[in-house]
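Notes follow the structure.
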Amino acid sequence: MPACKETLFSGIRMHPEVVKSLKKTSLTTAFLFVLAFVQVCAAQTNDPCPRYAPGSIVTQPADLFSSNAVLKVDFSYNTSPDENGNPKFCFTTLDGTESPTLHVRPGDHLILKVKNNLPTASANSMVMDVNSPCGASTMNDSSVNVHYHGTNTSPTCGQDEVIRTVINPGETFTYDLAFPSDEPPGLYWYHPHIHGFAEAAVQGGASGAIIVDGIESIQPAVTGLPQRLLLMRDQLTPCGDNCPEDAPAWDMSLNYVPVLYPQFKTAIIQMTPGAREFWRVGNISADTILDLELQYDGHSQPLEIIALDGVPVGSQDGTRRGKSFARNHILIPPAGRAEFIVSAPDKKVKNAVLVTHQVDTGPDGDVDPDRPIATIQTIANGSSLKSSTLTRKTKIGPPWRQRFEGLGNAKVTARRKLFFSEDNPDSQFFITVEGQTPTLFNPNNPPAIVTTQGSVEEWTIENRALENHEFHMHQIHFMLMARNGIPVPAKDRQFLDMVDLPYWKGSGPYPSVTLRMDFRGPDIGDFVYHCHILEHEDKGMMAIIRVLPANNGPNANSTKLDPPSAGSGPASESHNHGNHALTGSDSAEAKESRSDHHMTSSMLMNRDSIKAGATP
Ligand SMILES: [Cu+2]
């Protein structure tokens, strides 16, 4: 959400987008915008993490674009209480802009300097020591770091490393995240990933979108369409521990417009009647599973699916062109993304609403009821979006090589079974390799799985708990091969970084998914897989995988793969000491990066100033 800034309209604090609106759109639209912003800004002028009032018009986060293959951004990490005393958290740029969308192209670098401006840890905070730290050596409830969710970037210190990267209050850390040149174009996101404190930070709102631009090249169907970013977060309910049983475990917000139990006063999406738009939806909640449907006077509307979890659908068959498909509703696990084309209602439609349906998360799961999220309001020229809103002016060129190509036909070099389980009276959550002993996550644990670059593995993951769990793999996407042992037809296999596992009913076979893991890429080192219900991750449901470098080139070593260990507990401790160059120790680049005191301030790029560049 935007910061409130002094502008040429003295006396009223307004967001730059409002000023743009006043210049470029009808006065009616502009007036509605002004109302919405004045509402927020008047109430929360000095709040570093402002939020809209329920019922507000949905606006777009500010967009920051890379230039000459680099995007430099300075983030301050802040906190403030909401009106119920619950903590909000946020990343803001130096000018106070909250949670901007970070646009890069494949091959670009994101240089993100993060200053932790939280007060020191609370007196009763759990403190955890980190061996081989990347940054501070202890983590607590005021620590922060950044995970670049879904990006196929390196897990080394200074990039997308979350196990040992800790930034404590008063400290600054600079990331230099190198996006691979074959990164699929689509929607990714950023959020803190400190073990034990991830849920609070994400529910507090410290998150935003990363867009790898260029999706038009792979999915030409979206070319020229207005793009609308819709970020759905969850948050603590005002009724807290005194909520009735039918209350959702968490409330939702849409682009920081809260939708609160029990009224569920909806956010307002303004569209031009009949117009087609490209919606880029992120379920960036900590714990909440969404099942979205667009209903016009009670009739379900088709969602033309373009991309899931940042990967254009149907794009990996060698043609490098995506093939969209229609759905009437879409289940998005927490942290998952779905991008689809919708058509706005025509003028005859009286009630157009975006809803999320009830998800039965099991006897031990959270209440996740049917509820509306947004009402679609049509007014002539009502859309606040321009076709260029989220699209840099770039010439669309031929599709480029896509990460994970050919995975469906690759030789599988190892198969493993993992399972989710819980020790409920003790509120302990586990993800375990079959044959090992369930172990709560600790950043100093040895890797539970050791594999080698170049391998292709199939993991079957079972849910042995009485509630849903949401499997997330860092660094790589996986291909969904089967559910409950039933193969997914080849043409329907998607690349995902999130998959929902329904709960076990207490008898019969465990629900399962079979996932093909692609370790043929450049990413080596230690990284994690976990349940992305962050409450569960914070309480232990995470483990480490180590990818050893290939000895003779990236694809030469599949026969040297360590077999999964059976009956032996986590991989031996010696794994943890053998290869510091690979894991926790600072790389020269990271040290150099963090010692660079000459970072420019964040750049809020003027879209019109961006020159047409080469297609990635
Ligand atoms: Cu879980």
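From the backbone phi of segment 480-485, what are the Karplus-calculated ³J(HN,Hα) couplings (6.51 cos²θ - 1.76 cosθ + 1.60, θ = phi - 60°) in whole Hz, Gly and Pro given as x?
Values per residue, Gly and Pro as x: 6, 9, 7, 10, 6, x Hz.
Past the 19 Å Cα-Cα mark, which pairs from K72/K113; K88/K115; K88/K539? Walk me through the numbers before you get to the answer.
Working: K72/K113 8 Å; K88/K115 17 Å; K88/K539 21 Å.
Among K72/K113; K88/K115; K88/K539, the Cα-Cα distance tops 19 Å for K88/K539.
Using 0.36 nm per residue, how much length does the chain from E245 to T138 gain when fully extended, once their Cα-Cα distance is taken away?
34.7 nm
Which length gain, in nm to one decimal place, applies between I486 and I379 when the Cα-Cα distance is subtracted from 0.36 nm times their residue separation?
33.8 nm
Which cross-chain or sequence-distant (5 or more) residues have an amide H under 5 Å from the amide H of A62, H modelled 1.01 Å from N in plane?
Amide H neighbours of A62, under 5 Å, 5+ apart: T101.
Apply the Karplus parameterisation 6.51 cos²θ - 1.76 cosθ + 1.60, with θ equal to phi minus 60°, to every residue of segment 312-326 and state each ³J(HN,Hα) to the nearest whole Hz, in sequence, with x for glycine and proline.
Once rounded to whole Hz, the list reads x, 6, x, 9, 10, 9, x, 7, 6, 10, x, 10, 7, 8, 9.
Provide the per-residue ³J(HN,Hα) series for segment 499-513, in order, calculated from phi with Karplus coefficients 6.51, -1.76, 1.60 and θ = phi - 60°, each as a whole number of Hz, with x at glycine and proline positions.
For segment 499-513, the Karplus curve yields 8, 7, 10, x, 6, 7, 7, x, 8, x, x, 6, x, 8, 10 Hz.
Grab every C-alpha pair in segment 218-378, bin the distances at 5 angstrom width from 0 up to the longest one, and report whole percents.
Spelled out per bin, shortest first, that is 2, 9, 17, 21, 19, 14, 9, 5, 2, 1, 0.
Using amide H atoms built 1.01 Å from N in the peptide plane, name the residues 5+ places from E434, or on other chains, whose amide H lies under 5 Å from its own.
Here the answer is K417, L418, F419, since their amide H atoms fall under 5 Å of that of E434.
Can you list residues whose amide H is under 5 Å from V259's amide H, if they're 5+ apart or on another chain and H is modeled 1.01 Å from N?
For V259, the qualifying residues are M252, S253, L254.
In vacuum, with every alpha carbon of segment 89-212 counted as one equal point scatterer, what does the Debye formula give for log10 I(q)/I(0) at q = 0.17 Å⁻¹? Two decimals, please.
Listed by q, the Debye log ratios stand at -0.85.
In Å, what Rg and Dmax follow from the Cα atoms of segment 39-132?
Rg and Dmax of segment 39-132, Cα atoms, are 16.5, 48 Å.
So if I place +1 on the C-beta of Lys and Arg and -1 on the C-beta of Asp and Glu, and nothing else carries charge, what would the dipole magnitude of segment 218-378 be about its Cα centre? I want it in debye, nearest 20.
Numbers: 14 positive and 20 negative charges, 230 e Å.
Here segment 218-378 has a charge dipole of around 1100 debye.
Antiparallel as a % of all DSSP beta bridges within segment 218-378, to the nearest 5? Show your work: numbers first, answer last.
Working: 37 of 48 bridges.
DSSP beta bridges in segment 218-378 are roughly 75 percent antiparallel.
If you take the charge dipole of segment 152-212 about its Cα centre, with +1 on Lys and Arg Cβ and -1 on Asp and Glu Cβ, which of H193, Y175, G205 is farthest toward its positive end?
About the Cα centre, the residue reaching furthest to the positive side is G205.
Multiplying the sequence separation of N84 and D426 by 0.36 nm and subtracting their Cα-Cα distance, what value in nm do you get?
Values: separation 342, 0.36 × 342 = 123.12 nm, distance 2.88 nm.
Stretched out fully, the N84 to D426 stretch lengthens by 120.2 nm.
Got a sec? Charge dipole of segment 218-378, +1 on Cβ for Lys and Arg, -1 for Asp and Glu; which of F325, I373, M252 is way out at the positive end?
Of the candidates, F325 comes out farthest on the positive side.
Less than 19 Å apart at the alpha-carbon level, and either on another chain or at least 8 residues along: which aspartates and glutamates does that give for K265?
Reachable aspartates and glutamates: D82, E83, D234, D246, D251, D291, E293, D297, D368, D370.
None of the figures in this text is laboratory data; all of them are computed from the coordinates on show. A quick note: this is a predicted structure, and the numbers were derived from the prediction, not measured. Here the Cβ is made from the backbone with ideal geometry for all residues, glycine too, and neighbour counts use every protein chain on show.
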